[in-house]
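Visitor: Can you read through this structure? Questions will come right after.
The values are calculated or read from the model by the stated rules, or taken from the named source; none is laboratory data. Predicted model, so just to flag it, every value in this text is computed and none were measured. Glycine gets a Cβ as well: all are built from the backbone with ideal geometry, and neighbour counts include every protein chain shown. SASA here: full protein model, heavy atoms, side chains in, ligands and nucleic acids out. Shrake-Rupley method; radii C 1.70, N 1.55, O 1.52, S 1.80 Å.
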2 protein chains.
Amino acid sequence: MSGDAAGRYAFDGLDRAIHEKARLGIMTSLAGHPKGLAFSDLKRLCDLTDGNLNRHLQVLQDAEFVTVTKSVEKNRPLTICKLTPSGRRRFVDYLDVLEALVRDAREETMATLSPRMSKA
Amino acid sequence: MSGDAAGRYAFDGLDRAIHEKARLGIMTSLAGHPKGLAFSDLKRLCDLTDGNLNRHLQVLQDAEFVTVTKSVEKNRPLTICKLTPSGRRRFVDYLDVLEALVRDAREETMATLSPRMSKA
């Protein structure tokens, strides 16, 4: 098993706070909306229930990746969710790790499917 | 929010059985070793404890993505873990979804960082 160093597939760079599927959706949504998104819009985009969105936002707030600001607009409560600067940086870092992972995994998979192509 | 369809960031294609970080490591390791890997090698590559690796292998076996075969070699027990054909197909599908996700997320993030570059 040449090149198979211990921990090679531990994927330490994949931050669990971001990697979880629902939170990855939340982070991606917010990354595309620098002014933030209303709770109701985020819920719709990510197809989450109020309870699930709240639970995942709490994890992201604890990691200081997201801020949640409550206010009142036209007599109605408005909750705005927004990436923090460090949340944005960590998300970009996460995408780098994910991109490298996909590239490596594809190479591994292709090499085993067609050995002649693996070194071409 | 043009283009922001409901559920756009729900990422339904990200199979939870594969997406979880430790299981992603296991699937990637096995994808590169079509003849399978011994439990001890897989443990080392993924930097997991016996208990954790067993737990995650169980999830992958329940999904029929992985087979675990126990035998005896040179009087010592040998456990071989291997991707099933459907496990391999689903892993390739998963990589496709992940690749599209990284591309979209990068575009979104770049567009917000430098609006002038987004349509270049």
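Visitor: Return the single residue from A:Arg44, A:Arg76, A:Arg55 with maximal mean-square fluctuation; model: Gaussian network over chain A, springs between Cα atoms under 10 Å.
Guide: Fluctuation is largest for A:Arg76.
Visitor: Given labels modelled 7 Å from the Cα in the Cβ direction, how far is it in nm from B:Ser71 to B:Val92?
Guide: 2.6 nm
Visitor: Can you pull the mean other chain C-beta count within 10 Å for peptide A:90-101?
Guide: The per-residue average across the peptide is 3.
Visitor: For every helix of n ≥ 4 consecutive DSSP H residues, a contribution of -39,500 (n - 2.57) applies; sum these over chain A, divide by its total residues, and give [θ] at 222 nm rounded to the nearest 500 deg cm²/dmol.
Guide: Details: 5 runs with 65 residues, N = 120.
Calculated from helices alone, the mean residue ellipticity at 222 nm is -17000 deg cm²/dmol.
Visitor: List every DSSP H helix in chain B whose Cα atoms extend 24 Å or more along the helix's own long axis and whose mean Kyte-Doolittle hydropathy is at least -1.0.
Guide: B:85-113
Visitor: What's the average, rounded to a whole number, of partner chain beta-carbon atoms within 10 Å of each residue's beta-carbon in A:14-23?
Guide: Per-residue shielding by partner chains comes out at 3.
Visitor: Among B:23-36, B:6-19, how do they line up by average Cβ neighbours within 10 Å per residue, starting with the highest? Mind dumping the intermediate values first?
Guide: On the way: B:23-36: 21.9, B:6-19: 16.6.
Top to bottom by mean Cβ count within 10 Å: B:23-36, B:6-19.
Visitor: Take every residue in peptide B:25-31, count the Cβ atoms of other chains within 10 Å of its Cβ, and give the average of those counts.
Guide: Working: counts 8, 1, 3, 9, 6, 3, 10.
The shielding value for this peptide is 6.
Visitor: At a Förster distance of 35 Å, what's the computed FRET efficiency of A:Asn52 paired with B:Thr79, Cβ-Cβ distance as r, to 0.05?
Guide: Numbers: r = 37 Å, r/R0 = 1.05.
So the FRET efficiency works out to roughly 0.40.
Visitor: Between B:Glu73 and the same site in the other copies, what are the distances in nm, shortest first, taking label points 7 Å from Cα along the C-beta direction?
Guide: Nearest to farthest, the other copies are at 6.3 nm.
Visitor: For chain A, give the percent of accessible area contributed by carbon and sulfur heavy atoms, probe 1.4 Å, rounded to a whole number.
Guide: Accessible surface attributable to carbon and sulfur in chain A totals 50 percent.
Visitor: Something else: If you average the sequence gap of Cα pairs under 8 Å that are 6 or more apart and divide by the length of region A:21-119, what percent do you get for the contact order?
Guide: 25 percent
Visitor: From the label point of A:Gln61, set 7 Å from Cα along Cα→Cβ, how far away are the matching label points in the other copies, in nm, ordered shortest to longest?
Guide: Nearest first, the other copies' label points are 4.2 nm away.
Visitor: Which value, in square angstrom to the nearest 100, describes the accessible area buried between chains A and B on both sides, using a 1.4 angstrom probe?
Guide: Details: alone 8710 and 8710 Å², together 13350 Å².
Its buried surface, counting both partners, is about 4100 Å².
Visitor: Name the lysines eligible as straight-distance cross-link partners of B:Lys74: C-alpha to C-alpha under 26 Å, and not fewer than 8 places from it in the same chain.
Guide: B:Lys35, B:Lys43, B:Lys82
Visitor: Run the label-point distances for B:Ala38 please: 7 Å along Cα to Cβ, every other copy, nanometres, shortest first.
Guide: Result, one decimal in nm: 6.1.
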